[in-house]
Structures are given as structure tokens and as C-alpha cells.
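Data block below; observations after.
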Amino acid sequence: MNNLTGKVAFITGAARGQGRSHAIELARAGADIIAVDIAHDEPELGLGYPLGSQEELAETAKQVENLDRRVVTAHVDVRDGQAIGAALRSAVAELGRLDIVVANAGIAASSIPAHEITEAQWEQMLAINLTGVWKTCRAAVPYLIEGGRGGSMILTSSAAALRVYQGIAAYSAAKHGVVGLMKTMAAELGQHSIRVNSVHPTQVDTPMIMNNETYKIFRPDLEHPTKEDFEEASASLHILPVAVADPLDISKAVVFLASDDARLITGITLPIDAGLLLK
Ligand SMILES: NC(=O)c1ccc[n+]([C@@H]2O[C@H](COP(=O)([O-])OP(=O)(O)OC[C@H]3O[C@@H](n4cnc5c(N)ncnc54)[C@H](O)[C@@H]3O)[C@@H](O)[C@H]2O)c1
């Protein structure tokens, strides 16, 4: 099934995890790919895991090329609107058009009560997980409008925008904010046949969550929770018998939303959550 043949998709946070999976699956469906990522670690963010690397972004590109699709990569921090604009300008010039945007780049939170989060922690979370999404969209929308063929924008939010996880107020606020942005843009851009939707994954098997810092969000009862402790807690949140989603589960939804099969779907918050929201 190559229902995206001839289209071009722009994906942020594409070095690994869900972003890499989205790049590969959109390519498998026929799209050429613009894959960007910060592509270096920033220890001062104080995350319990490293960010994506240049090598990982290059591996994403290789896997797209193996599918006989064209790919352009760039090292871009979504906090830097000018850098996003410059990368997109040269990539669209090379690939000729833009049809699909997946605003996926994001960071995880540490478990801290809302009233103990520092201003720096709050601001960095909002800068990447909310303002970075807006900057991505702001840079991309003119190309979709100018293309005159409509388009599909998929914003990566989280189940944390649709239910409460204690200890991650800044992350949750950013992901709720993504929904406000998504709905507003869906309303504004519908006249151009540009659809805007958000995806809301449950826990996904990526480096962002598979680390000791994130395990503590799910096991506040344990001082040093293990992967098994985390998976037990994660599974208990689901109706379906799975501990964590695979990135491919989210990519399948992204490819659907990107395709004309979803041509009347805009402004929705799509959970991919193994029934988490039923509990
Ligand atoms: N893993 C989960 O359980 C889960 C659940 C729900 C939502 N999400 C969301 O899914 C998205 C993808 O996360 P993932 O699970 O693939 O994690 P991941 O850490 O494997 O991948 C995220 C990618 O984004 C990149 N990135 C981070 N900050 C960036 C910045 N400022 N500029 C550009 N790139 C940046 C990283 O380098 C990395 O390659 C995030 O928005 C995350 O919040 C994840």
C-alpha cells in the first residue's frame, strides 16, 4: 500500500524512537522524508537519559533510503525557530514540496510535585514540548498553504493530556497545550484542506521512558525501581494485556492520519493507549 507516493513528510525528533519509526513507516507508504533532530545530548537539561545523536539520525536516513525514498536530514533544535525555518526551506527546495508534518520532538519529565518544579525546569519543558511544536508548525504551514494541495499535520501529545499522571505537571501542561494549538490550527487551516490532529500514546518503548528516572514516575513506592517494576505498573494501567506500546503502534496511526483515508478527520485527539483512558 503506497498511498503517500509523491508526498513529502517533515518529522521532528526523527533520530530514534517514535520519530524514526514514523519516518520509516511514512517512507514505506511512499513519502519522501525530511528528518530533523537536535542530534546531540544536552546534559544541562538534567534528563535521566541522553537525547538522540548524529549517528542515530544518520541511521534513520539510511533506513529511509533502504526503502528507495529520498531523505534530507538536519540537526535542528525545535526551540530555534530560525533554524527550523532554514532547514525546511532548503529541504523543501530539494524535495520540491511539503504535505505532511509530524511535530514529534519532545523530552520526558522527572517526577517532581508541581509546586517544587523550578522555573528553569518549567520553562525548558514548555520551550521544547509546546513552543517547539508551535515553532515547527509555524515554519511548515506556509509551505502547505502555498502548495495548494491541502496537507496533514500530526502533533505528538500524550495520554498525559487526557488523564492525570502525578509528578509531571510541566510535561502534562505542555501536552495539554499541544491540544489547544492543534484544535485552533485545525479550525484556522480547514479552509486550505489542511487537517490537524494530535496523537496521544500511552507508555511507548523508547529511550525517553526506558530509563531509571522515568521508572520513578510509575513506581513512586520504590526507591530504585527496575524495568520490570515499571512494566508491571504500566501494564496495570492498561485494559489490553500489554505493558508498553511499540513505536510502530503509534506510526500506524500517524500514517493513517497522514493519508487521504483520513480526509475528513481533523481536530481530533487520537489515543493509542491500550485502553488506558477507560480506567
Ligand atoms: N515514550 C513514551 O512513553 C511517550 C508517551 C507519550 C508521548 N510521547 C511523546 O512522543 C514524542 C517522541 O518521544 P519518544 O518516545 O520517541 O522519545 P525519544 O527520546 O526516543 O525520542 C525523542 C527525540 O526527540 C529529540 N529531541 C528532543 N528534544 C529536541 C529538541 N529540542 N529539538 C529537536 N529534537 C529534539 C531527541 O533527540 C530524540 O531523538 C515526544 O514528544 C514524547 O513526549 C512519548
### Message
With just the Cα atoms defining each centre, how far is the range 160-192 from the range 22-97? Give it in Å.
### Response
23
## Note on the structure
With x for Gly and Pro, the residue-by-residue ³J(HN,Hα) of the range 210-215, computed from phi through the Karplus equation 6.51 cos²θ - 1.76 cosθ + 1.60 at θ = phi - 60° and given in whole Hz, is 7, 8, 4, 5, 6, 3
### Lys, Arg +1 and Asp, Glu -1 on Cβ, resulting dipole of the chain about Cα centre, debye, nearest 20
1080
### Task
Would you mind calculating the gained length between residue 227 and residue 176 on full extension (0.36 nm times residue separation, minus the Cα-Cα distance), in nm to one decimal?
15.6 nm
## Note on the structure
Kirkwood Rh for the chain from C-alpha pairs, in Å, is 18.7
### Estimated vicinal HN-Hα couplings, Hz - the range 216-224 in sequence order (Karplus 6.51, -1.76, 1.60; Gly, Pro = x)
5, 4, 8, 10, x, 6, 10, 6, 10
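Tell me, what is a quarter of the convex hull surface for the C-alpha atoms of the range 194-279, in nm² with one decimal?
Values: hull surface 25.4 nm².
Result: 6.4 nm².
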### Query
If you stretched the chain out fully between residue 97 and residue 246, how much longer would it get, using 0.36 nm times the residue separation minus the C-alpha to C-alpha distance?
50.6 nm
### Summary
Mean accessible area per residue over the chain (1.4 angstrom probe, all protein chains present, square angstrom) is 44
### Rounded to whole Hz, the Karplus (6.51, -1.76, 1.60) HN-Hα couplings of the range 109-118, x for glycine and proline
9, 8, 7, 9, x, 3, 7, 10, 5, 7
### Message
Below 12 angstrom from the Cβ of residue 240, what's the summed charge of the other residues (Lys, Arg +1; Asp, Glu -1)?
### Response
-1
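Mean Kyte-Doolittle of at least 0.5 plus a Cα span of 27 Å or more along the axis: flag which DSSP H helices in the chain meet both, please.
169-189
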### Query
Share of the range 172-279's accessible area from carbon and sulfur, percent, 1.4 Å?
55
### Message
Once you order the gyration tensor axes a ≥ b ≥ c over the Cα atoms, which shape class does the range 1-160 get: rounded for a/c under 1.5, otherwise prolate or oblate by comparing a/b with b/c?
### Response
prolate
### Message
Under 5 Å between amide hydrogens, which residues at least 5 positions from residue 245 or on another chain qualify, with H placed 1.01 Å from N in the peptide plane?
### Response
203, 204, 205
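The values are calculated or read from the model by the stated rules, or taken from the named source; none is laboratory data. Everything numeric here is computed off the predicted structure, so don't read it as measured data. As a convention, Cβ positions derive from the backbone with ideal geometry for all residues, glycine included, and neighbour counts pool all protein chains shown. Just so you know, the surface numbers come from the protein's heavy atoms only, side chains and all, with ligands and any DNA or RNA stripped out. Shrake-Rupley method; radii C 1.70, N 1.55, O 1.52, S 1.80 Å.
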